[in-house]
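Notes follow the structure.
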Amino acid sequence: MTTFTTLSGPSRGVGAWWWPDEPGDGHGGDRASTGYPSHVATVSRLVHAGPDDVWAVLADGWLYPSWVVGASRLRAVEGDWPAVGASIHHSVGLWPALIDDRTEVLDSEPKRRLRLRARGWPLGEALVEITLEPRREGTLVSVAETPSAGPGLVVDNRVTHWLLARRNEESLYRLASIAEARGGGSRERERD
């Protein structure tokens, strides 16, 4: 199951996202007046594995390039990943055109939510939130992402969010493959 939502304004509906520890009013209003993202690309997938198995993949920083589309290698895990303040040092792209940067944990609630600031300068930064919701059939995993700094803000529009959603659909497919293999879940995976 995959969904795609682009949101504007102060909506708090499905896919609404705000960052209370950031400047602004904390209600997802427009970026210019509040400092919050005005649009968010959100995708979700039902993973046939429990939250423990999904979290185990998220909590292993060294697995990051195996499920995040675009991450080509991991250079270091700094701190107690995925604790707040921990970071992973990764490379993005294809050799020889690799960009070295890092992703840091902004908030972490084990087996429920992980908020990240993903950097890939000179391309910019993105805010990413991964949520896990237990379901009878497994875990509903959602990824919400929006550009937060750099050139990505200039092209922060429906096309950008469509591309982010397609990339994150593949990332969720890969995450599901790893979590389901660990948890003994379904070996047959559908591409949405």
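Since every read-out is calculated from the coordinates, none of them should be taken as a lab result. Everything numeric here is computed off the predicted structure, so don't read it as measured data. Cβ placement follows ideal geometry from the backbone for every residue including glycine, while neighbour counts extend to all protein chains displayed.
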From phi via Karplus (6.51, -1.76, 1.60), per-residue ³J(HN,Hα) for the stretch 46-59 in Hz, x at Gly/Pro: 7, 9, 7, 7, x, x, 4, 5, 5, 4, 4, 5, 5, 7
Could you pull out the GluC sites (Glu not before Pro) across the stretch 39-132 that fall in loop regions by DSSP (anything but H, G, I, E, B) with no more than 13 other Cβ atoms inside 10 Å? none
On full extension of the chain, what length is gained from S72 through V159, given 0.36 nm per residue of separation minus the C-alpha to C-alpha distance? 28.9 nm
If I stretch the segment between W95 and R112 completely, what's the gain in nm (0.36 nm per residue apart, minus their alpha carbon distance), one decimal? 2.6 nm
Restricting the stretch 78-154 to trypsin sites (Lys or Arg not before Pro) in coil, as DSSP defines it, with at most 10 other Cβ within 10 Å: R136
Three-way shape label, the stretch 66-116, alpha-carbon gyration tensor, a/c 1.5: prolate
Potential lengthening between D80 and A149 on full extension [0.36 nm per residue; Cα-Cα distance subtracted]: 22.3 nm
